[in-house]
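The values are calculated or read from the model by the stated rules, or taken from the named source; none is laboratory data. Quantities reported herein were computed from a predicted structural model and do not represent experimental measurements. Reconstructed Cβ throughout: ideal geometry from the backbone, glycine too, with neighbour counts over all protein chains shown. Just so you know, the surface numbers come from the protein's heavy atoms only, side chains and all, with ligands and any DNA or RNA stripped out. Shrake-Rupley method; radii C 1.70, N 1.55, O 1.52, S 1.80 Å.
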2 protein chains.
Amino acid sequence: MSELNNRRLEIDALRVLWAVRNHGGITRASEALGLSQSAVSHKIKRLETSLDCDILSRKPGASMFTAAGEDLLDYAERILGLHDEALLSLTKTAIAGRISLGLTEDTTCTDLARILGRFRRLHPQVSVRTKVRMSLVLRAMLERGELDAAIVQVFAHEVRPTDILLFREKLHWVRNGDFVVPQEGPVPFLSFDDACFYRTWALDIAQDGDLLLETVFECSSAAGIVAAVISGLGVALLNERHLRPDMVIVTRQLPVPPDLAYVVRRSRKVRNPALDTLVAEIENEISRYGGLTLAS
Amino acid sequence: MSELNNRRLEIDALRVLWAVRNHGGITRASEALGLSQSAVSHKIKRLETSLDCDILSRKPGASMFTAAGEDLLDYAERILGLHDEALLSLTKTAIAGRISLGLTEDTTCTDLARILGRFRRLHPQVSVRTKVRMSLVLRAMLERGELDAAIVQVFAHEVRPTDILLFREKLHWVRNGDFVVPQEGPVPFLSFDDACFYRTWALDIAQDGDLLLETVFECSSAAGIVAAVISGLGVALLNERHLRPDMVIVTRQLPVPPDLAYVVRRSRKVRNPALDTLVAEIENEISRYGGLTLAS
DNA sequence: ATGACCTGATCGAAATTTGTCATGTGCCGA
DNA sequence: TCGGCACATGACAAATTTCGATCAGGTCAT
């Protein structure tokens, strides 16, 4: 009965495909989706059989997807977007209100952007005001009640029970391949800002240990730090996504940095039904995909 | 395991939903889809259960769909459109060429329009030139090789083996509720045009029988005929889709008109790979939905 | 080279989903 | 009130999907 003619795509299969790309591999995707590895492998296999064409290239070194696969992914993304929006629209209860939301630079180009865009479309009566600041600043604004909620970075061990975990990421000391960390004397440190909590951690640790860090560069955007590292100005604390092939991770001489977590943290303010909905949509997305992905 | 939370739509279910609307009922949809009535009923039921909301209203008199159902249909249409396009794009082989296509007025606002639009998108290298004419004119153009193919109306008994049947439709004599068909003397006839084959049939039949038709109104567009009928100018031959509640179907005194068929008819010209592809896509659509639907 | 190790493919068995047949129910027109 | 029609429902069979276990192929550090 599985005629070649009877070709159809299933939402599930497309979602799997999408997860495979975004998590980079079948095994990882299966974990995120809460399925066994073989189930995911089978699903893709079936998809390939029913379409009578290869989707994953299985060639080491090459891109994981074939041209047809990339093509299909493109459609998958659009179809899934519509699908999820359709689901949400069914449960929508005309909400109105105002949300003041904080974001970090890093989260502006993740799935969050997609979710926010969809939220606006589904709930035009809600005005969403967004501010992009550094995590420490956002936390302070939350405390002062200037924001209803914010997506901030915190150290993994600082996640509160009320936080909603979006994803984790590793933090690394990095340097240029040519740059040599001085055995003695101060280590040149490239820092985001006064308000960067990486830096706070680094300086604290340095004091405890027998390490001297000298902040030789400050820039509040990641692009600047990346450039400074590549130029060999010193060492910096960067999260995984900013690593470049020409950067080297420093493991000796410097203390191991803690893991990072991206969380949605709400202010302690009174009820905000619009925010409740937005947060619910985010949680929904997380449970569906087993966390959000960094790459948009 | 079938949690309420695990909400997802399946392409199949959406397609069923769509068929239910376009064929006007579960039983009809099941025939078109080649499934049993209970299968369709079950599918919709499952969809409702998994979404935890009603989709069909089941109230006699009211619209078949609930508000949520209408909402969902809207998304279904978009999702299915993307889905089908994705499938086609996987098999596409960059084709180029030129197609000269004829359409009747009636087919411009059916699924054909959607298919043509998609075809243009998928094959930008193919130039599609479309002419809208009356069926008889199109047939003549086909004969003369001025068109590569045309979607024309023919009487059901005139369908050729090489034609691709899109859908059938009934033809009726209609009049205004107030208008009385004269027992004797000529019957005032509202005709499309000289080139209208309804009219040719009517006049032929009239000659054979003992009936006199007098063409009192001519207009090449359906809207004009409809208006003339409503104004009580006479009787006309109209296909089902143009019937209006205030029109009366005349069954006595006039001969029963034959059924109509809409077909794709190709010219006898040489190979045209672009046209082959377009025709294949149309056939594909037909087999998937069990014929095309009239309403866009 | 070798062995630990990771990723994905494959197989049989179990669980779940989906479709069919047979039958029940409610509504409408004669 | 009786068929007839359109849909709902239940039981069951068929198909699909998933899982656990195992296997094959590759990478990497020694």
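Dipole size in debye (nearest 20) for the protein assembly as shown around its Cα centre, Lys and Arg Cβ +1, Asp and Glu Cβ -1?
On the way: 72 positive and 76 negative charges, 38 e Å.
Here the protein assembly as shown has a charge dipole of around 180 debye.
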In terms of modelled amide H atoms, which long-range or inter-chain residues lie less than 5 Å from the amide H of B:Leu212?
B:Val187
Computed on alpha carbon atoms, what radius of gyration and Dmax characterise the stretch B:11-88, expressed in Å?
12.2, 39
Using θ = phi - 60° and the Karplus relation 6.51 cos²θ - 1.76 cosθ + 1.60, list the HN-Hα couplings for the stretch A:115-122 in order, rounded to whole Hz, with x at every Gly or Pro.
5, 5, x, 5, 4, 4, 5, 6
Amide H of B:Ala236: which non-local residues (sequence gap of 5 or more, or other chain) have their own amide H closer than 5 Å, using H built in the peptide plane?
B:Val174, B:Leu190
Cα convex hull volume per residue for the stretch A:1-131 (Å³):
144
Once A:Leu212 and A:Thr108 are pulled to full extension, the length gained, defined as 0.36 nm per residue separation minus their Cα-Cα distance, is 34.1 nm
So for the pair B:Glu146, B:Ser57, with labels modelled 7 Å out along Cα→Cβ, what separation do we get in nm?
4.8
Between A and B, buried accessible area summed over both sides at probe 1.4 Å, in Å² to the nearest 100?
2400
What is the Cα radius of gyration of the protein assembly as shown over 2.2 N^0.38 Å, N being its residue count?
1.32
GNM result for chain A, Cα springs below 10 Å: residue of A:Leu87, A:Leu33, A:Leu72 fluctuating most strongly
A:Leu87
Here the relative contact order (percent) of the stretch A:11-89, from C-alpha pairs under 8 Å and at least 6 apart, is 28
So between B:Arg98 and B:Thr27, what do we pick up on full extension, going 0.36 nm a residue minus the alpha carbon distance?
21.5 nm
Do you know the relative contact order of the stretch A:171-258, to the nearest whole percent, from alpha carbon pairs under 8 angstrom that are 6+ apart?
50
What is the antiparallel percent of DSSP beta bridges lying wholly in the protein assembly as shown, to the nearest 5?
55
Select from A:Val159, A:Val180, A:Val248 the residue whose mean-square fluctuation is largest in a Gaussian network model of chain A (Cα-Cα springs shorter than 10 Å).
A:Val180
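Which entries of B:Lys92/B:Lys269; A:Lys92/B:Lys45; A:Lys45/B:Lys92; B:Lys43/B:Lys131 show an alpha-carbon separation above 32 angstrom in the structure shown?
Details: B:Lys92/B:Lys269 23 Å; A:Lys92/B:Lys45 21 Å; A:Lys45/B:Lys92 21 Å; B:Lys43/B:Lys131 41 Å.
Those over the limit are B:Lys43/B:Lys131.
Please compute the contact order of chain B in relative form: average sequence separation of alpha-carbon pairs under 8 Å and at least six residues apart, divided by the residue count, as a percent.
22
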Taking a 1.4 Å probe, which of B:His157, B:His242, B:His42 shows the most accessible area, and what order do the others take after it?
B:His157, B:His42, B:His242
For the stretch A:115-187 and the stretch B:235-290, compute the distance between their C-alpha centroids and round to whole Å.
61
Phi to ³J(HN,Hα) by Karplus 6.51 cos²θ - 1.76 cosθ + 1.60 over the stretch A:267-282, Hz, x for Gly, Pro
6, 7, 5, 5, 3, 9, x, 4, 5, 3, 5, 4, 5, 4, 5, 5
Hey, what do the phi angles of the stretch A:89-106 turn into as Karplus ³J(HN,Hα) couplings, whole Hz, using 6.51/-1.76/1.60 and θ = phi - 60°, x for Gly and Pro?
5, 6, 9, 5, 10, 2, 9, 9, x, 9, 10, 10, 10, x, 10, 8, 3, 5
Only counting protein heavy atoms at a 1.4 Å probe, give the residues of the stretch A:75-99, ordered by number, whose accessible area falls by 20 Å² or more when the other protein chains are present relative to the chain alone.
A:Tyr75, A:Arg78, A:Ile79, A:Leu82, A:His83, A:Glu85, A:Ala86, A:Leu87, A:Ser89, A:Leu90, A:Thr91
Show that you can apply the helix-only estimate: for chain B, add -39,500 (n - 2.57) for every DSSP H stretch of four or more residues, divide by all residues, and state [θ] at 222 nm to the nearest 500.
-13000 deg cm²/dmol
Using 10 Å bins from zero, what percent of all Cα-Cα pairs in the stretch B:171-258 falls into each bin?
19, 59, 23, 0
Would you mind computing, in nm to one decimal, how far apart the modelled labels at A:Val181 and A:Leu243 are, each placed 7 Å from Cα along Cα→Cβ?
1.5
Keeping the other protein chains in place, figure out the carbon and sulfur percent of the accessible area of the protein assembly as shown, with a 1.4 Å probe.
52
First measure r as the distance between the Cβ atoms of B:Val256 and A:Ala39, then evaluate 1/(1 + (r/R0)^6) with R0 = 60 Å and state the FRET efficiency to the nearest 0.05.
0.50
Measuring with a 1.4 Å probe in the full set of protein chains, what accessible area per residue, in whole Å², belongs to the stretch A:69-192?
43
Per 10 Å bin, what percent of the C-alpha pairs of chain A does each bin hold, from zero upward?
6, 23, 27, 24, 15, 5, 1, 0
